[in-house]
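Engineer: I am attaching a structure below and will ask some questions about it afterwards.
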Amino acid sequence: MNPLKMIKEFLENLKNILLDYLKSRIFPVTVLMIILFFLLGRRLFILQIKNGDNYQVDFTVRTEKKLKVDSVRGNIYDVNGKLLAYNKLTYDLTFGNNNYLTNRAEDLGISENQLKNKIVYNTMQVLAQNNDKITAEFPIEFKNGNYKYTVSGITLKNFLRDAYSKNSIDELTDEELATKAEDIVYHMRFGGSDVPNFDISTDYTNEDAMVILACRYALWLNRYQQYVPVTIASDISEKSRSMILEHKDDLTGMDIIVRSERVYNDAKYFAQIIGYVGKASEEDLEYFNKNSKVPYTSDDVVGKIGIERHCEEYLRGTDGEQIMYVDNLGKVIDVVKETPATAGSDVYLSIDSDLQKYCYDMLEKEITSILLSHITPNAYAPENNKDNEIPITDVYFALFNNNYIDIEEMSKKSSTEFEQGIYNNLESRKKEIILYIRSLLKENPVNNNDLSKEYQEYLEFIFKMLGDKGVYLSSEVDRDSKEFNSYINGNKPISDYLRFCLENYYIDTSLIIEEDKYYDSEEIYNELVNYIIKELNGNKEFKNMIVHSMIQQGYISGSDVIDLIYIQKVLNEENDEDYAAFKNGAFGPYEFMTRKIKNLEITPAMLALDPCSGAVIITDIYTGELRAFVSYPSYDNNYLTNSVDGDYYNKLLTDKTTPLYSRASMMRTAPGSTFKIISTVAGVEEGVLGIDEYITDMGVFDKVYTKPACWVYRDFNTTHGTIDISKAIDISCNYFYYEVGYRLANDDGYYNDNLGLTRLNKYAAKFGFDGYSGIEIDETEPHMSDRDAVVSAIGQGTNSYTPVQMSKYITTIANGGTCYDLTLLDKVADYEGNIKKTSQPKVHSTVDIDNALWDKIHNGMRMVVTDDLDHNELLNNLKVKVAGKTGTAQEDTSRPPHALFISYAPYEKPEVSVTCVIQNGYASANAAELASFIYAYMYDKEALKDASFGQSKTDTSD
């Protein structure tokens with residue numbers, strides 16, 4: 001066939017097909033499909049090729065987050081505008097997941113883990129150049145070549161829960177709960193377990209790796225909030241800050257934030273008033289959120305105690321806010337709104353800071369003076385130590401007992417050869433004593449009377465120890481039993497008495513033997529002995545008793561103690577002339593110690609002997625505003641604010657002087673003879689005592705069966721004769737007030753104790769003893785006497801009040817009957833200086849009595865100073881006249897009585913009251929001596945030039 005003809009026919013057929021197709025219904029559909037495919041292709045090109053990057057950003061998940069911007073806490077000032085508490089700006093170093101970390105790691109050809117480790121390590125080097133360091137915490141430490149947990153219990157379980165990414169502790173397997181510290185570290189460094197792997201290579205030392213691990217772990221814990229950086233170093237220097245910012249491109253993820261840190265000036269003088277701040281606890285949140293318009297969260301810093309807590313609503317300020325968008329990884333995309341924070345208001349106290357500091361220092365010096373007057377060079381106190389002498393061996397031991405010389409430090413490998421020698425001697429002595437005690441309990445029973453005093457004390461301690469453990473049920477013991485009295489009187493061995501206790505179920509055997517196991521009586525006794533020996537071996541108080549005995553017996557000499565003082569850095573040897581002179585033989589240990597105490601290098605607070613504490617309150621008598629509120633000893637609240645210094649806090653908790661305890665507001669004591677003013681008012685107002693009546697002191701008051709004696713009869717076998725109200729106040733005649741108390745209890749010829757107490761308490765309430773003082777910080781509730789009207793009238797019975805409550809009382813006397821609620825606050829002003837609140841006098845009650853009675857009372861109180869305290873030359877030679885009342889409160893016959901002096905001045909036109917209380921201060925004259933220095937400071941500074949402590953250390957007047 002002709003090829004041309006074939007082509008022609010093909011084209012003709014194709015033409016016919018196309019014409020048929022164009023005429024068919026399929027053609028429009030085909031055209032439509034072609035157009036749609038073209039449009040779709042064009043759209044895909046735009047989305048994926050032309051604008052792909054932009055749409056990828058838009059596709060990212062955007063979540064709105066809010067960050068709080070902390071407000072600046074208000075300042076605290078004294079009444080004269082001197083700054084006491086403020087906020088210091090500090091630099092904190094944070095580490096966060098930066099957007100550039102992944103890209104930079106890729107550029108460097110390393111993993112993101114390796115890059116982060118390198119950044120942390122380089123940051124460590126920068127900080128080290130400026131003596132700063134990373135402070136991120138990790139609950140494992142590397143020490144002496146070993147890894148060990150630094151936490152235990154529930155805290156350790158919580159760490160393991162987080163490390164293994166469990167939702168709860170219950171999900172942890174037994175194997176996971178038992179994970180060793182070194183295994184956790186190994187797997188976090190190199191992998192191979194369910195804990196996170198941070199790929200910290202062996203190029204880093206173990207010490208450096210632990211720091212890197214702490215930072216990486218903190219960052220990992222924050223993995224679901226990557227927009228929030230973690231703080232890895234606090235309060236770094238300006239030099240470190242500058243260097244980090246200078247190298248910020250290399251230290252990707254590192255940033256500096258400015259933080260406000262609370263700082264307290266002259267901390268020890270004001271800590272008991274101001275308190276401190278810290279992160280809000282659950283209890284804090286519950287307390288503050290009851291009335292707060294802006295809710296608190298666990299991230300908020302709040303006042304924990306003191307004025308910081310009471311004035312929280314003013315000091316807090318208003319937090320700001322930052323609103324941002326973050327991606328699905330928690331990284332910041334955009335900040336859309338910022339609201340600035342508003343500073344808190346400033347609080348002005350009524351306290352005069354200069355007066356406060358002077359009173360604190362003088363109180364410490366007075367206590368020191370009392371202490372020195374009773375320290376003797378003897379090794380032992382006399383058998384009948386009625387003068388409460390303090391043997392020098394008790395002073396040496398006090399440094400051990402109050403943890404200034406640490407026995408356990410002596411056992412460490414790092415301790416000196418000298419320390420180890422003393423510790424080994426102590427351990428040998430302890431072993432010897434315990435072996436002998438075991439023999440007394442087992443095969444060698446000896447009656448207590450035939451033992452030395454040292455071993456009698458050890459055996460007595462055993463019962464105390466068993467009682468503390470709940471093993472010895474002392475409250476269950478039949479004290480009328482022959483066995484009990486025989487043992488108490490020393491006529492029975494301890495082994496016999498313990499067997500008696502077991503037989504009568506005075507020993508809780510469930511605490512010393514296994515359950516579901518049969519024991520006969522001898523086996524139970526053997527288990528009890530084993531329990532006692534085991535507990536003695538590990539008991540610190542028992543070890544301290546042995547130390548005391550070794551000091552008394554010369555096994556540990558005074559010279560040894562002095563050397564330990566310097567070895568353990570209680571005192572610094574550098575430039576210490578006394579220590580150099582002592583080592584050269586210029587004087588002995590006794591003189592050395594008394595020199596150091598006198599110079600306050602070793603303070604009463606360090607020794608925790610009697611006395612070691614006290615309080616001073618100074619009050620404006622027409623407003624109730626406190627000018628001084630002193631509690632000794634105190635503490636440094638800078639260590640407890642912001643974040644708690646654990647070592648310092650633990651030291652405070654173990655300190656025998658309990659410095660966290662405010663003596664001024666929490667220490668209740670019997671008021672002693674200071675209470676006699678109330679008894680005077682009660683007697684006259686109830687019509688049982690005439691204003692001009694005289695009563696004759698008969699020595700012994702025999703109208704009640706207890707037959708209490710007047711102090712002058714008890715001590716000097718004489719009486720005060722016939723006296724009136726003013727003279728009774730002056731010489732503090734107990735007999736006079738026994739009679740007043742007895743008359744108040746007279747119920748139609750019958751003695752009614754409740755009636756007498758009701759009448760006394762009625763007037764005690766008028767003077768403010770029926771409730772709290774009114775101050776803005778915590779105080780102990782007062783207790784008006786509920787027993788024995790006769791002795792309650794001289795301030796004994798169960799009368800018990802704090803120094804600040806005593807101040808409320810004397811202030812009422814000083815101003816002639818207006819009882820004000822006391823206050824520590826002067827005013828509150830906002831950050832612009834606008835006054836938001838001022839202190840206004842608040843009347844608690846009034847004492848409305850005849851002026852003639854007030855004259856009798858004030859005259860008697862003036863006579864106390866001029867007659868009873870005439871030996872106090874400073875007090876009686878001041879330019880200002882002082883009136884007051886002494887008081888001595890004996891609450892524990894084994895310890896010295898408390899010393900009290902309440903007073904006011906000027907006598908003719910009173911302005912202030914001064915209350916001085918020295919716990920176990922021996923005699924009221926000591927408290928009066930302290931007051932004399934305070935009045936001299938306020939009214940007659942010239943008189944201080946030649947004044948010195950020690951004018952009187954003992955008296956028996958009340």
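Just so it is clear, none of the values below were taken in a lab; they were calculated from the coordinates. In this text the structure is predicted, and so the values were computed from the model without any measurement. In this analysis, Cβ positions are derived from the backbone assuming ideal geometry, glycine residues included, and neighbour counts consider all displayed protein chains.
Engineer: Label points 7 Å out from Cα along the Cβ direction at Val880 and Lys148: separation in nm?
Structural biologist: For the pair Val880/Lys148, the computed spacing is 5.8 nm.
Engineer: Okay, moving on. Quick check on packing: order 38-46, 886-894, 907-915, 602-610 by the mean number of other C-beta atoms within 10 Å, highest mean leading.
Structural biologist: The most tightly packed comes first, giving 602-610, 907-915, 886-894, 38-46.
Engineer: Counting only helical runs of four or more DSSP H residues, what would the 222 nm mean residue ellipticity of the chain come to if each run contributes -39,500 (n - 2.57) and the total is spread over all its residues?
Structural biologist: That comes out to -13000 deg cm²/dmol.
Engineer: Out of residues 5 or more away from Asn920 or on other chains, whose amide H comes under 5 Å of its own, with H placed 1.01 Å from N in the peptide plane?
Structural biologist: His898, Ala899
Engineer: For the range 651-692, what is the Kirkwood hydrodynamic radius in Å, using each pair of distinct C-alpha atoms?
Structural biologist: 13.5 Å is the Kirkwood radius here.
Engineer: Which semi-axes, in whole Å and largest first, does the equivalent ellipsoid of the range 522-646 have when worked out from the alpha carbon gyration tensor as the square roots of 5 times its eigenvalues?
Structural biologist: So the three semi-axes of the range 522-646 are 37, 29, 16 Å.
Engineer: Another question, if that's okay. Contour minus end-to-end for Glu908 and Lys239, with contour as 0.36 nm per residue of separation and end-to-end as the Cα-Cα distance?
Structural biologist: 234.7 nm
Engineer: Just list whichever of Lys88/Lys118; Lys357/Lys881; Lys453/Lys492 have alpha carbons separated by over 20 Å in the model shown.
Structural biologist: Distance filter (> 20 Å) returns Lys88/Lys118; Lys357/Lys881.
Engineer: Using a 10 Å cut-off on Cβ atoms, rank the peptides 698-708, 725-735 from the highest mean neighbour count down.
Structural biologist: Top of the packing list down: 725-735, 698-708.
Engineer: Could you run the Karplus curve 6.51 cos²θ - 1.76 cosθ + 1.60 with θ = phi - 60° over the range 630-647 and give me ³J(HN,Hα) per residue in whole Hz, x for Gly and Pro?
Structural biologist: Going residue by residue, I get 10, 10, 10, x, 10, 8, 9, 6, 5, 7, 10, 8, 6, 10, 7, 7, x, 5 Hz, with x marking Gly and Pro.
Engineer: Binning every alpha carbon pair distance of the range 356-486 at 10 Å from zero, what are the percents per bin?
Structural biologist: It works out to 9, 22, 30, 26, 10, 2, 0, in whole percents.
Engineer: Still on this structure: How far is helix 392-401 tilted off the main Cα axis of the chain, in degrees rounded to 10, range 0 to 90?
Structural biologist: 20
Engineer: What's the angle, to the nearest 10 degrees (0 to 90), between helix 26-44's Cα axis and the longest principal axis of the chain?
Structural biologist: So the helix axis and the longest Cα principal axis differ by about 40 degrees.
Engineer: Please list, in order along the range 255-266, the HN-Hα scalar couplings obtained from phi with the Karplus expression 6.51 cos²θ - 1.76 cosθ + 1.60 (θ = phi - 60°), rounded to whole Hz, x for Gly and Pro.
Structural biologist: So the J values, rounded to whole Hz, are 8, 10, 10, 8, 10, 9, 10, 6, 10, 10, 7, 6.
Engineer: Mind checking the range 794-901 for chymotrypsin sites (Phe, Trp or Tyr not before Pro) that DSSP puts in a loop (not H, G, I, E or B) and that have at most 16 other Cβ atoms within 10 Å?
Structural biologist: Tyr831
Engineer: Right, here's the next one. Got a sec to turn the phi values of the range 275-291 into Karplus ³J(HN,Hα) couplings, 6.51 cos²θ - 1.76 cosθ + 1.60 with θ = phi - 60°, whole Hz, x for Gly and Pro?
Structural biologist: x, 7, 10, x, 4, 5, 8, 4, 5, 4, 4, 5, 5, 6, 6, 5, 10
Engineer: Remind me, relative contact order of the chain in percent, using alpha carbon pairs under 8 angstrom and six or more residues apart?
Structural biologist: 12
Engineer: To continue, here is another question. State the percent of C-alpha pairs, over all pairs in the range 409-552, separated by a distance greater than 21 angstrom.
Structural biologist: When all Cα pairs of the range 409-552 are counted, 48 percent exceed 21 Å.
Engineer: Take the alpha carbon atoms of the range 470-511, find their center, do the same for the range 607-676, and report the distance between the two centers in whole angstrom.
Structural biologist: 40
Engineer: For the chain, take the longest principal axis of its alpha carbons; what is the angle in degrees between that and the long axis of helix 734-744, to the nearest 10 within 0 to 90?
Structural biologist: With both axes taken from Cα atoms, the answer is about 80 degrees.
Engineer: So what is the relative contact order of the range 833-958, in percent, for Cα pairs below 8 Å that sit 6 or more residues apart?
Structural biologist: Relative CO of the range 833-958 lands at 21 percent.
Engineer: Rank these for me by crowding, Cys916, Cys819, Cys359, going from fewest to most other beta carbons within 10 Å.
Structural biologist: Cys819, Cys359, Cys916
Engineer: Now for a separate question. DSSP loop (so not H, G, I, E, B), at most 12 other Cβ within 10 Å: list which trypsin sites (Lys or Arg not before Pro) in the range 879-956 pass both filters.
Structural biologist: Here the trypsin sites (Lys or Arg not before Pro) that fit, given the DSSP loop and packing criteria, are Lys879, Lys945.
Engineer: Still on this model: Check cross-link reach from Lys5 to the lysines: straight Cα distance under 18 Å, and skip same-chain residues fewer than eight apart.
Structural biologist: Qualifying lysines at Cα under 18 Å: Lys15.
Engineer: Just the ratio, please: alpha-carbon radius of gyration of the range 672-846 over 2.2 N^0.38 Å, N its number of residues.
Structural biologist: 1.22
Engineer: Right, next: Write down the Å³ per residue value for the convex hull defined by the alpha carbon atoms of the range 97-252.
Structural biologist: Per-residue hull volume (Cα only) is 131 Å³.
Engineer: Per 10 Å bin, what percent of the C-alpha pairs of the chain does each bin hold, from zero upward?
Structural biologist: 2, 9, 14, 16, 17, 16, 10, 6, 3, 2, 1, 1, 1, 1, 0, 0, 0
Engineer: Here is a follow-up. Within 10 Å of each candidate Cβ there may be at most 13 other Cβ atoms; applying that plus a DSSP loop requirement, which chymotrypsin sites (Phe, Trp or Tyr not before Pro) in the range 216-283 survive?
Structural biologist: Answer by residue number: Tyr224.
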